[in-house]
Amino acid sequence: MQDFLPVNKKEMKERGWEQADFVYVIGDAYVDHPSFGAAIISRLLESRGYKVGIISQPDWRKKESIQVFGEPRLGFLVTAGNMDSMVNHYTVSKKHRQKDSYSPGGQMGLRPDRAAIVYSNLIRQTYKHTPIILGGIEASLRRMAHYDYWENKVKHSILIDSGADLISYGMGEHSIIEIAESLESGIPVEEITYIAGTVFKCKDLDRVYEPIVLPSYEEVKEDKKTYADSFAIQYQNTDPFSARPMAEFYGSRGYVVQNPPALPLSQEEMDDVYALPYTERVHPMYEKQGGIPALEEIKFSLTSNRGCFGGCNFCALTFHQGRILQTRSHESLIEEAERMTRDPEFKGYIHDVGGPTADFRQPSCQKQLTKGVCKNRQCLFPEPCKNLKVDHSDYVTLLRKLRQIPGVKKVFIRSGVRFDYVVADRDKTFLNELVEHHVSGQLRVAPEHVSDQVLKYMGKPCHSVYEEFLREYDKANKRTGRQQYAVPYFMSSHPGCTMKEAVKLAEYVRDLGFTPEQVQDFYSTPSTLSTCMYYTGIHPLTGEKVYVPRNPHEKAIQRALMQYKNPENRELVLEGLKLAGRMDLVGYGPKCLIRPIREKQEKKNGNDRRNQNRKTIRNVHKKNPKGGRR
């Protein structure tokens with residue numbers, strides 16, 4: 001048990017501690033693995049000599065649940081967990097999910113909705129003046145006023161509603177150490193206003209250097225155009241090299257101020273983070289409950305990078321990890337892989353070597369290392385930048401080294417491969433080796449849509465680029481003697497997708513000859529550019545008006561069109577075809593999506609139902625000859 005950080009006062013006393021420096025309140029089960037953000041932050045603080053106690057999934061209905069260690073010397077750290085608690089609890093149609101992969105045995109109900117706010121309020125009710133620092137993706141993406149899909153309104157910065165003192169946004173390694181050192185030196189938490197990667201509250205802006213004053217909360221709440229304008233400013237200030245402080249006014253509550261993001265980790269720093277003494281296990285207290293499903297999914301996977309310059313509009317990575325690539329060294333990854341081979345449960349298969357985008361292993365251009373990313377340009381969209389350095393050689397070398405480790409049978413790549421980046425690479429070595437060594441029958445790729453109009457609003461390359469990738473993928477399969485398939489991910493009802501575009505996607509699925517088992521409906525989550533479009537109907541960077549399918553019934557139709565073969569979807573598909581003016585797709589031809597129901601067939605179906613009813617009645621009489629019709 002000494003391998004894990006203490007989870008109660010008894011374990012704290014066994015370590016000889018009289019008081020914890022930090023108490024970490026976590027919405028996930030306690031998993032001491034670097035794929036869990038709380039594990040990284042707690043081990044990093046431990047490595048600097050701080051005493052950290054873990055309270056995992058406290059009962060938010062009882063104050064006693066956060067009093068396990070008593071009052072910490074320096075402060076409480078609070079995170080909802082690896083996943084936004086609202087996304088964790090609800091589907092895009094706002095129905096309750098049946099499983100929480102970050103809880104013991106997948107059990108639901110062990111964390112509250114809006115966990116970061118609830119935990120923080122619970123702490124503040126008991127400890128009136130103890131510093132509270134929020135972190136994790138839930139707080140990171142709600143650091144300023146934001147549209148909330150679940151309540152369908154603009155909500156405050158989470159700093160206002162939670163009662164916390166600071167947000168450590170992004171990945172947090174740099175900022176959490178600076179916060180800890182500041183508190184250790186005796187600086188009151190309300191005066192910690194200078195740390196990159198943090199958000200704080202203040203009554204005035206006297207101590208903020210050259211801030212951009214955003215529209216106030218009341219202004220963005222009342223006017224969608226103002227909201228879009230404010231979002232555009234925030235989007236253009238997500239780079240640590242060029243961003244400025246931003247301030248948002250909350251009336252009598254003062255200002256919420258966001259400092260520029262923390263600098264990205266160097267390779268040496270990232271190696272150090274992954275070399276911390278993680279047990280890489282689930283805490284033993286969960287053994288009887290069946291373990292933690294989320295760990296099983298990633299236990300034998302390697303995280304090789306962070307950040308993404310892909311810039312998809314529906315992705316929150318720009319606001320959270322940023323667009324500058326950060327990578328681990330080959331030595332760090334090989335050392336972790338060799339540890340995997342000594343695990344009794346390891347069967348010889350490394351499930352993934354990647355990150356947000358698997359085949360990114362360097363910044364998109366050298367300028368980013370000193371000047372940051374461009375404010376008004378993307379690296380790959382609408383087409384690759386002329387300064388983009390396309391090079392898979394480092395990734396190829398890494399994969400070759402991993403394949404040679406004794407005990408490793410196969411190295412898969414399951415996190416996303418950016419197909420437009422592959423197409424842009426004139427050297428096809430990576431594609432050939434991907435096909436030969438790292439795919440198991442099917443390669444999952446994410447074109448997301450086939451309509452160039454929708455792809456434009458997604459920030460994805462035009463459909464012809466995906467078609468070119470498929471041709472190159474087929475050639476690579478033939479060269480290597482393989483017969484493998486590309487399985488595409490598609491998204492329905494993204495902003496810009498009219499019924500006409502939804503039908504176009506259905507026709508493409510028809511021509512592919514397969515029916516997607518699952519369809520991803522666009523999910524409006526905080527701090528993505530697509531969510532801003534969803535709420536305002538405006539593209540925040542261009543001011544262009546955007547069609548948005550918001551009605552749940554229309555979203556259901558678009559989703560059903562991709563699964564038109566499902567008999568249960570027939571009426572929705574028919575309605576969609578009528579709305580799109582595409583009744584030519586109802587018929588018996590090879591291009592038709594659904595068949596018409598003839599009058600004779602309807603009569604036959606009616607007769608069949610009546611005959612079945614008569615048969616049921618006769619069976620009842622046979623079983624109960626004296627009972628009559630019950």
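Which three numbers, in whole Å and largest first, are the semi-axes of the equivalent ellipsoid of the range 282-408 derived from its Cα gyration tensor as √(5λ)? Mind showing how you got there, number by number?
Details: eigenvalues 210, 74, 24 Å².
Listed largest to smallest, the semi-axes of the range 282-408 are 32, 19, 11 Å.
On full extension of the chain, what length is gained from Tyr588 through Ala275, given 0.36 nm per residue of separation minus the C-alpha to C-alpha distance?
Numbers: separation 313, 0.36 × 313 = 112.68 nm, distance 6.20 nm.
Taking 0.36 nm per residue and subtracting the Cα distance, the gain is 106.5 nm.
When all alpha-carbon pairs of the range 99-173 are counted, what percent fall beyond 17 Å? Each step should come with its number before you reach the end.
Numbers: 1415 of 2775 pairs.
Looking at the range 99-173, the distances longer than 17 Å represent 51 percent of pairs.
Would you check the accessible area of Trp60, probe 1.4 Å, heavy atoms only, in square angstrom rounded to 10?
60
Rounded to the nearest 500, what is the 222 nm mean residue ellipticity of the chain from helices alone, with -39500 (n - 2.57) per DSSP H run of 4+ residues and division by all residues?
Details: 24 runs with 226 residues, N = 630.
That comes out to -10500 deg cm²/dmol.
Can you work out the Karplus-derived ³J(HN,Hα) for every residue in the range 503-518? Use 6.51 cos²θ - 1.76 cosθ + 1.60 with θ = phi - 60°, whole Hz, and x for glycine or proline.
These are the phi-based 3J(HN,Hα) values: 5, 4, 5, 4, 5, 5, 4, 4, 5, 6, x, 9, 10, x, 5, 10 Hz.
Amide H of Asp521: which non-local residues (sequence gap of 5 or more, or other chain) have their own amide H closer than 5 Å, using H built in the peptide plane?
Ser492
Determine Rg/Rh for the range 1-152; Rg is computed over alpha-carbon atoms and Rh is the Kirkwood hydrodynamic estimate from the same atoms.
0.97
Mind ordering 582-595, 352-365 by average Cβ neighbours within 10 Å, highest first? Present the calculation step by step, with values, prior to reporting the outcome.
On the way: 582-595: 13.4, 352-365: 21.8.
Packing order, densest peptide first, comes out as 352-365, 582-595.
Quick one: of Lys95/Lys545; Lys347/Lys401; Lys62/Lys299; Lys299/Lys478; Lys224/Lys375; Lys347/Lys478, which pairs are farther than 27 Å apart, Cα to Cα?
Numbers: Lys95/Lys545 30 Å; Lys347/Lys401 18 Å; Lys62/Lys299 33 Å; Lys299/Lys478 33 Å; Lys224/Lys375 23 Å; Lys347/Lys478 29 Å.
Distance filter (> 27 Å) returns Lys95/Lys545; Lys62/Lys299; Lys299/Lys478; Lys347/Lys478.
Given H placed 1.01 Å from N in the peptide plane, which residues other than close sequence neighbours of Ala446 have an amide H under 5 Å from its amide H?
Placed amide hydrogens put Phe419, Tyr489 under 5 Å from Ala446.
Suppose R0 equals 22 Å; then what is the FRET efficiency for Arg244 and Glu222 from their Cβ-Cβ distance, rounded to the nearest 0.05? Numbers along the way, then the final one.
Numbers: r = 25 Å, r/R0 = 1.15.
FRET efficiency, Arg244 to Glu222: 0.30.
Express the carbon and sulfur contribution to the solvent-accessible surface of the chain as a percent, rounded to the nearest whole number, probe 1.4 angstrom.
Values: 13870 of 28490 Å².
The nonpolar share, carbon plus sulfur, comes to 49 percent.
Average the reciprocal distances over every distinct pair of alpha-carbons in the range 32-89, invert the result, and give the Kirkwood radius in Å.
Details: mean 1/r = 0.0773 Å⁻¹.
Its Kirkwood hydrodynamic radius stands at 12.9 Å.
Quick one: net charge around Asp521, please, counting Lys, Arg +1 and Asp, Glu -1 for every other residue with C-beta under 13 Å from its C-beta.
Numbers: positive: Lys94, Lys95, Arg550, Lys555, Arg559; negative: Glu448, Glu554.
After counting each charged neighbour, the total is +3.
List the residues, sorted by chain then number, that are 5 or more residues from Val154 or on another chain and whose placed amide H is less than 5 Å from its amide H.
Residues meeting the amide H criterion: Asp148.
Any idea how far apart Ile597 and Thr397 come out in nm if each label point goes 7 Å out from Cα toward Cβ?
6.4
If the chain between Lys10 and Ile405 were fully stretched, how many nm would it gain, using 0.36 nm times the residue separation less the Cα-Cα distance?
138.0 nm
Go through Lys153/Lys555; Lys428/Lys591; Lys460/Lys504; Lys63/Lys203 and tell me which ones have a Cα-Cα distance over 25 Å in this structure. Before the final figure, lay out the partial values.
Numbers: Lys153/Lys555 19 Å; Lys428/Lys591 36 Å; Lys460/Lys504 17 Å; Lys63/Lys203 30 Å.
Lys428/Lys591; Lys63/Lys203, as the Cα separations exceed 25 Å there.
With a Cα-only, solvent-free Debye model of the chain, what are the log10 I(q)/I(0) values at q = 0.05, 0.09 Å⁻¹?
At q = 0.05, 0.09 Å⁻¹ the computed log10 ratios are -0.26, -0.81.
Could you work out the pair-distance distribution P(r) of the range 130-275 from its alpha-carbon pairs, with 5 angstrom bin width and percents rounded to whole numbers?
2, 10, 19, 22, 21, 13, 7, 4, 2, 0
Which percentage, to the nearest 5, of the DSSP beta bridges contained in the chain is antiparallel?
Details: 21 of 52 bridges.
In the chain, approximately 40 percent of DSSP beta bridges are antiparallel ones.
Calculate, in nm to one decimal, what Ser47 and Arg342 gain on full extension: separation in residues at 0.36 nm each, minus their alpha carbon distance.
Values: separation 295, 0.36 × 295 = 106.20 nm, distance 2.51 nm.
Here the answer is 103.7 nm.
How far apart, in nm, are two points set 7 Å out from the Cα along the Cα-to-Cβ line at Gln267 and at Ser93?
Simple spin-label model gives 4.8 nm for this pair.
Average projected area of the Cα convex hull of the range 467-506, in nm²?
3.6
The values are calculated or read from the model by the stated rules, or taken from the named source; none is laboratory data. Bear in mind the structure is a predicted one, so any value in this text is a computation, not a measurement. Positions of Cβ are backbone-derived with ideal geometry, glycine not excepted, and every protein chain shown enters the neighbour counts. Surface accessibility is based on the protein's heavy atoms, side chains included, excluding ligands, DNA and RNA. Shrake-Rupley method; radii C 1.70, N 1.55, O 1.52, S 1.80 Å.
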